[in-house]
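The values are calculated or read from the model by the stated rules, or taken from the named source; none is laboratory data. Computed from a prediction, not measured in an experiment: that's the story for all the values here. Positions of Cβ are backbone-derived with ideal geometry, glycine not excepted, and every protein chain shown enters the neighbour counts.
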Amino acid sequence: MNTESVVEFLGNVPLLHRLPSSYLKRIAQVVVFKRYDRGDYVVRENQDVDGVYFLLEGQAQVLRSAGEEFVLKRFDFFGHGIFGDVYPADVVALSELTCLLLMSDHLALLETKSVWDSDKELDSRCLVEHILYLEPLDLNVFRGFTPPNAPTYGKVYGGQLVGQALAAASKTVETMKIVHNFHSYFLRVGDIDIPIIFEVNRLRDGTNFATRIVDAKQKGKTIFTLFASFQRKQQGYIHQESTMPHTPAPETLLPREEILERLVTDPLLPRDYRDEVATEINVPFPIDIRFCEPKESTKQTKSSPRLKYWFRAKGKLSDDDQALHRGVVAYASDLIFASISLNPHRREGMSVAALSLDHSMWFHRSLRADDWLLFVMVSPTVFDSRGFATGKMFNRKGELVASLTQEALVREAVNIKPSFGAKL
């Protein structure tokens, strides 16, 4: 078997479901193949075990001295640490048996501190990865937090809910299946001061596809729901009709922070607007954004319901896992998306707000969230206080990597402090 086949096998072992794909690759590189004939003893009762065994082919029988017995099949496991250092039963091959043995020297690979790679301490990760950190509580339950340095705007930012929920769903799916679309619904305002519990419902596990529902809860109430579909990579037809628009290279454009600095010091802008922009500068932004057109309009002047900007995560992500990179892109996709529906309706002195109602995304190709992606968005219509926006994301090669839609409640703002409860 090649390494990729071993990784695919390991991704189906229940014991390893919480591990990031980088760990599965490392385990695949150090496991030892062990083969046994029918009737051979794999492990003897009350003897030291030299590691953890994963059943690759065949069946084995577990025999306890108390008379209990049961059969182990493909993807089952036994060995060191499962019942302590000394195994409490005989394990006998019922047929020709092949196991993968992870020796005791490598058992640290079975431990992880977070949903993503645990090689780096959490404090050393880039900010967006720190925000998407989840603590596993049970096989299908995870706990997320809103770090003090995360963008919040008075409530849990919608992209944080999307990214964390997608991370939770991804960790319940075998590693060879990657998310290809999700549909999410924002139900209540999230409280930034308390943890968020993510409960995953495993709707379906097929040969090539898997489906998950994730409910994000606070105080016993569901504040957000995400439906996600995962697919094993398959060969098929390829074509692309969408063409990436011509834009300046991201390196030639001003960072968002520098634009905000210029707005704050512009004497021609109203004082209250400049004060509002100043508060945004002080909020750490985990995504580097470079607007493609000069930022001549403000939140109080009319503009086209269209926008193009390059973006990427600030810092190098700790893992090449597509689950992580797609989660970061999903996090970033909610930052400005909803507000473009308001652009044609702005006026001086007017305060407007956009609240996301639902958010859907389709991933077409592999991508890197710490490399530049072009986000092209347009709002084709607003009606009955609901703005609708569509978006496309391209990599620097011009390949369409993702498509998006979002509907948001758009209306003149009312000075009501955000509180935990229904959004509407």
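Annotations for the structure displayed:
- The set of residues in region 15-42 being under 19 Å from ALA89 (Cβ atoms) and at pLDDT below 90 consists of LEU15 alone.
- Residues located in region 296-307, provided they are crowded, with 16+ Cβ neighbours inside 10 Å and either touching a Cys at 6+ places or on another chain (Cβ under 7 Å) or at pLDDT 90 or above (or both): PRO305, LEU307
- Residues of region 194-208 satisfying the condition of being outside any strand (DSSP E or B) and free of Cβ contacts under 8 Å to residues at least 12 places away in the same chain: GLY206
- One residue alone among VAL382, VAL329, VAL378 is in contact (Cβ under 8 Å) with a residue 40 or more places away in the chain and part of a helix (DSSP H, G or I), and that residue is VAL329.
- Neighbours by Cβ (under 9 Å, 6+ apart or cross-chain): first from region 177-190, on the phi < 0 side of the Ramachandran plot; second aliphatic (A, V, I, L, M) and assigned to a loop (DSSP other than H, G, I, E, B): VAL179/VAL173; VAL189/VAL156; GLY190/VAL156
- Identity of the residue in region 65-87, in a loop (DSSP other than H, G, I, E, B) and modelled with pLDDT of 85 or more, that ends up farthest from VAL7 (Cα to Cα): LYS73
- Residues in region 385-402 that are outside any strand (DSSP E or B) and loosely packed, with under 15 Cβ neighbours inside 10 Å: 4 in all.
- Residue in region 228-238 that is surrounded by 17 or more Cβ atoms within 10 Å (Cβ to Cβ) and in contact with a helix residue (DSSP H, G or I) (Cβ under 7 Å, 6 or more places away or on another chain) present: yes
- Residue within region 132-142 that is at pLDDT 95 or above, buried (at least 19 other Cβ atoms within 10 Å of the Cβ) and not polar (S, T, N, Q) present: no
- When SER419, SER360 are checked against the criterion of being within 27 Å of ILE196 (Cβ to Cβ), surrounded by fewer than 21 Cβ atoms within 10 Å (Cβ to Cβ) and modelled with pLDDT of 95 or more, SER360 stands alone in meeting it.
- Residue identified as of a type in the set (Gly, Ala, Ser) and surrounded by fewer than 14 Cβ atoms within 10 Å (Cβ to Cβ) among ALA60, ALA93, ALA108: ALA108
- Any hit, region 335-352, residues being over 22 Å from GLY387 (Cβ atoms) and either out of contact with any helix residue (DSSP H, G or I) (no Cβ under 7 Å at 6 or more places or on another chain) or not in a helix (DSSP H, G or I) (or both): no
- Residue satisfying all of: in region 6-55; of a type in the set (Phe, Trp, Tyr) and assigned to a helix (DSSP H, G or I); surrounded by the most Cβ atoms within 10 Å (Cβ to Cβ) among these: TYR23
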